[in-house]
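These notes concern the structure reproduced below.
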Amino acid sequence: MELLCPAGNLPALKLAIDNGADAVYIGMKDDTNARHFAGLNFNEAKLKKAVDYVHQHGKQIHVAINTFAHPGGWDRWQGAVDMAANAGVDALIISDIGVLQYAYENYPQIERHLSVQASSTNLESINYYHQNFAIARVVLPRVLSVQQVKQLARNSPVPVEVFAFGSLCIMAEGRCYLSSYMTGESPNTAGACSPAKYVRWNKTELGTEARLNDVLIDRYTDDENAGYPTLCKGRFEVEGNTYHALEEPTSLNTLELLPELVEAGVVSFKIEGRQRSPAYVEQIAQTWRSAMDAYKQAPDKFEINEKWMTTLAGLSEGSQTTLGAYHRKWQ
Amino acid sequence: MKFSLGPLLYFWPKDTVESFYSQAMDSDADIIYLGETVCSKRRELKPKDWIELAKRLTTSGKQVILSTMALLEAPAELMAMRQLVGNGKVIVEANDMAAVQLAQQHGINFVIGPAINCYNLATLKVLISQGMTRWVMPVELSGDWLRTLLQEATEAGIRDQFEVEVFAYGHLPLAYSARCFTARSENRPKDDCRYCCIKHPNGLKMNSREGEQVFLLNGIQTMSGYRYNLINDVQELERLGVDVLRLSPESLDTLALIEKFRQQLSSPHHYPLEKNVECNGYWHNIAGMSLAQ
């Protein structure tokens, strides 16, 4: 049972490790990862420091190379794999079939984890990646119910990792082009969803407007919390009703499913949020560490501590959390 | 250049589907893709009905291909796909790697559909070695992307080992979710959807609060609000070496449109596209919903 925390920079990485993460995951400073944001991520020198710090503490470090290689740009993806491998990381999180093949052929000794961006949601798909590229783990997309996760965890040829907490992607990851439809840039091609450079805020008589590449995503009255205009979490009009047609601004929180998922054989609980602050990572790591330790000590007596839930809700989008697709009624 | 009719993305009643395909047999399409790619709860035609329809359509002399689902979650959905892949007569368009896995087990060739993330030469090479004969480019990619990639394929000496197909007409399939957005619009979860997407044979409009038609809700699939249309780009597509252009069924009118697309090769005509109704941005390497005239 691993607690896997995000780190967008060295301070966040250190806080994650110091506060109980069993492993951290990071990305390189270019478009080879799905959090390609200004001021975030690791160059070669920082990567080496990160590996040293994590290994000195007896923990693991994973590197996400989880966008899809561009024609004419293969060197960047190959370079990211080479750099991570040479720095001595413990696992590569990969989505692109070509990149997987490269990593498998050149660094068979380094674990390959199938990124959530590969959108592998069923047994035959996992079999494909296992048989062809000897993946050591699959990260499941956030589209499966808890029953489906349990079934997969029981039958999968490789261990299963799930998203435990953080921003909620409501589409099958790696198969969503909504962002490029509106802005020209998607997680698959540019490593970002609803990129900040397309966001505009305007104060109007009707309220504060949030736009993404000029499209109105939402409008807030003064007493409403205005969230980042991720395009699937705005309010739209369908047949005369204006509502969150796809999803509300909310975060995934699976803490209450912890025992069920552990018993089903899920090996790793991933916290989303490489783009979040070191303080955020610190609080999440602490809270999840406490919960996981409490479960380990007395699995039969595990109870949700209200303080954990309050802390997590405070760190959530719109201060709301959901079980997302794990809970069938959400679907 | 050949022209294909993509799989029907909407949920239509069985009679409508059958009458559509009986007319498609006499249409100008060279290739017909068949099957449910969006939601396994749509069972007006069951897998065995699609297989029968496919076998019937092959008598028309057109190439017929069975398209598989993009988002497979339940074991029952895998069972249905096994039926499609193992039909013994026509090849499949894989829209999930599970279909590639099964096709490999059967030792049969396959088409890589637009829902599979094949973005580059390294991936094309792997898939060709596994039996891919045709690649449908992901809808979000541009002419520039394709040009560079096909140059690389030529330099690598593999360009003659696969065909290239481009989605050229229709509302674009953009995303898949566990959630049914059509049922959500009626305040119901997917488990109690009552097959409500059948009431929306061309999707359900999802507009911005300023009335801009941003997306179409089509069950668990989100589609482009505007209709993608590359009719003015057919000659360029041919120059790039694209082998097949895909038209996605919107209505019976789509069948007549195939001829217009084909005419663009011999006697090109500039069709003014309708702003806020049509788009072609992806091909022109700008936001997908944009329109380059």
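The values are calculated or read from the model by the stated rules, or taken from the named source; none is laboratory data. From a predicted model like this one, the values you see are computed outputs, not experimental measurements. Neighbour counts run over all protein chains shown; Cβ positions are idealised from the backbone, glycine included. Accessible surface areas use protein heavy atoms only, side chains included; no ligands, DNA or RNA. Shrake-Rupley method; radii C 1.70, N 1.55, O 1.52, S 1.80 Å.
With respect to B:Arg179, is the statement that it is over 24 Å from B:Gly113 (Cβ atoms) and either at the interface with chain A (Cβ under 10 Å from one of its Cβ atoms) or in a loop (DSSP other than H, G, I, E, B) (or both) true?
Against the criterion (over 24 Å from B:Gly113 (Cβ atoms) and either at the interface with chain A (Cβ under 10 Å from one of its Cβ atoms) or in a loop (DSSP other than H, G, I, E, B) (or both)), B:Arg179 does not qualify.
Any residue in region B:29-52 that is at pLDDT 95 or above, over 18 Å from the mean Cα position of the chain (by Cα), open to solvent by 20 Å² or more (accessible area, probe 1.4 Å) and within 14 Å of chain A (Cβ to nearest Cβ)?
Yes, there is a match, as at least one residue in region B:29-52 is at pLDDT 95 or above, over 18 Å from the mean Cα position of the chain (by Cα), open to solvent by 20 Å² or more (accessible area, probe 1.4 Å) and within 14 Å of chain A (Cβ to nearest Cβ).
Let me confirm something: among A:Ala21, A:Ala45, A:Ala64, which residue is modelled with pLDDT of 95 or more, in a helix (DSSP H, G or I) and on the phi < 0 side of the Ramachandran plot?
None of the others qualify; the one that does is A:Ala45.
Sort through B:Ala99, B:Ala122 and tell me the only one that's open to solvent by 20 Å² or more (accessible area, probe 1.4 Å), assigned to a helix (DSSP H, G or I), at the interface with chain A (Cβ under 10 Å from one of its Cβ atoms) and of a type in the set (Gly, Ala, Ser).
On the way: B:Ala99 fails: open to solvent by 20 Å² or more (accessible area, probe 1.4 Å).
Matching residue, one of B:Ala99, B:Ala122: B:Ala122.
Given the options B:Leu216, B:Leu237, B:Leu265, B:Leu255, name the one that is more than 9 Å from every other protein chain (Cβ to nearest Cβ), in a strand (DSSP E or B) and at negative phi.
B:Leu216
Being farther than 28 Å from B:Asp28 by Cα, in contact (Cβ under 8 Å) with a residue 40 or more places away in the chain and more than 9 Å from chain A (Cβ to nearest Cβ) narrows it down to one residue among B:Asn276, B:Asn229; which is it?
It is B:Asn276.
Given the criteria modelled with pLDDT under 95 and surrounded by 15 or more Cβ atoms within 10 Å (Cβ to Cβ), does B:Ala183 qualify?
no
For (1) touching a residue at least 60 places away in the same chain (Cβ under 8 Å); (2) open to solvent by 20 Å² or more (accessible area, probe 1.4 Å); (3) more than 21 Å from B:Lys48 (Cα to Cα), each residue gets a yes or a no:
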| position | (1), (2), (3) |
| --- | --- |
| B:Val90 | no, no, no |
| B:Ile108 | no, yes, no |
| B:Leu127 | no, no, yes |
| B:Trp145 | yes, yes, yes |
| B:Val164 | yes, no, yes |
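If B:Leu149 satisfies every condition in (1) in contact (Cβ under 8 Å) with a residue 12 or more places away in the chain; (2) under 28 Å from B:Leu121 (Cβ atoms); (3) open to solvent by 20 Å² or more (accessible area, probe 1.4 Å); (4) part of a helix (DSSP H, G or I) but one, which is the exception?
Looking at each condition in turn, B:Leu149 falls short on (3).
Note down all Cβ pairs under 6 Å where the first residue falls in region A:82-107 and is more than 17 Å from B:Val100 (Cβ to Cβ) and within 14 Å of chain B (Cβ to nearest Cβ), the second is basic (Lys, Arg) and surrounded by fewer than 17 Cβ atoms within 10 Å (Cβ to Cβ), and they're at least six residues apart or on different chains.
none
Exactly one of these conditions fails for B:Gly203: (1) touching a helix residue (DSSP H, G or I) at 6+ places or on another chain (Cβ under 6 Å); (2) within 14 Å of chain A (Cβ to nearest Cβ). Give me its number.
So the condition that B:Gly203 fails would be (1).
Looking at region B:250-277 only, could you name the residues that are within 20 Å of the chain's Cα centre (by Cα) and surrounded by fewer than 18 Cβ atoms within 10 Å (Cβ to Cβ)?
B:Ser251, B:Leu252, B:Asp253, B:Ala256, B:Glu259, B:Lys260, B:Arg262, B:Val277 - these are the residues of region B:250-277 that are within 20 Å of the chain's Cα centre (by Cα) and surrounded by fewer than 18 Cβ atoms within 10 Å (Cβ to Cβ).
If A:Ile93 satisfies all but one of (1) open to solvent by 10 Å² or more (accessible area, probe 1.4 Å); (2) outside any helix (DSSP H, G or I); (3) in contact with a Ser or Thr (Cβ under 6 Å, 6 or more places away or on another chain), what's the number of the condition it fails?
Against the list (1) open to solvent by 10 Å² or more (accessible area, probe 1.4 Å); (2) outside any helix (DSSP H, G or I); (3) in contact with a Ser or Thr (Cβ under 6 Å, 6 or more places away or on another chain), A:Ile93 comes up short only on (1).
Residue by residue, here is whether (1) farther than 30 Å from B:Thr123 by Cα; (2) open to solvent by less than 50 Å² (accessible area, probe 1.4 Å); (3) of a type in the set (Lys, Arg) holds:
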| site | (1), (2), (3) |
| --- | --- |
| A:Leu4 | no, yes, no |
| A:Lys14 | yes, no, yes |
| A:Asp18 | yes, no, no |
| A:Asp22 | yes, yes, no |
| A:Thr32 | no, yes, no |
| A:Asn41 | no, yes, no |
| A:Glu44 | no, no, no |
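Any idea which of (1) surrounded by 24 or more Cβ atoms within 10 Å (Cβ to Cβ); (2) more than 11 Å from chain B (Cβ to nearest Cβ) is the one A:Asp222 doesn't satisfy?
Answer for A:Asp222: the failing condition is (1).
Mind listing whichever residues of region A:236-257 are without any contact (Cβ under 8 Å) to a residue 60 or more places away in the chain and either closer than 24 Å to A:Met171 by Cβ or not small (Gly, Ala, Ser) (or both)?
Of everything in region A:236-257, those that are without any contact (Cβ under 8 Å) to a residue 60 or more places away in the chain and either closer than 24 Å to A:Met171 by Cβ or not small (Gly, Ala, Ser) (or both) turn out to be A:Phe236, A:Glu237, A:Val238, A:Glu239, A:Asn241, A:Thr242, A:Tyr243, A:His244, A:Ala245.
Among the residues of region B:186-213, write down those that are open to solvent by less than 20 Å² (accessible area, probe 1.4 Å) and either of a type in the set (Gly, Ala, Ser) or assigned to a loop (DSSP other than H, G, I, E, B) (or both).
Across region B:186-213, the qualifying residues are B:Cys193, B:Gly203, B:Ser208.
Looking at region A:69-81, which of the residues that are surrounded by fewer than 19 Cβ atoms within 10 Å (Cβ to Cβ) and part of a helix (DSSP H, G or I) is farthest from the other protein chains (Cβ to nearest Cβ)?
Residue satisfying both the conditions and the ranking: A:Gly79.
Which members of region B:219-234 meet the condition of being over 26 Å from B:Ser40 (Cα atoms) and part of a strand (DSSP E or B)?
Scanning region B:219-234 gives a single hit, B:Asn229.
The rows are residues; the columns are (1) away from chain B (no Cβ under 11 Å); (2) open to solvent by 10 Å² or more (accessible area, probe 1.4 Å); (3) polar (S, T, N, Q).
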| residue | (1), (2), (3) |
| --- | --- |
| A:Ser120 | no, no, yes |
| A:Gln131 | no, yes, yes |
| A:Pro141 | no, no, no |
| A:Leu144 | no, no, no |
| A:Leu152 | no, yes, no |
| A:Val160 | yes, no, no |
| A:Gly166 | yes, no, no |
| A:Arg175 | no, yes, no |
| A:Ser186 | no, no, yes |
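Which count do you get for residues in region A:165-220 that are within 17 Å of the chain's Cα centre (by Cα), of a type in the set (A, V, I, L, M, F, W, C) and not in a loop (DSSP other than H, G, I, E, B)?
5
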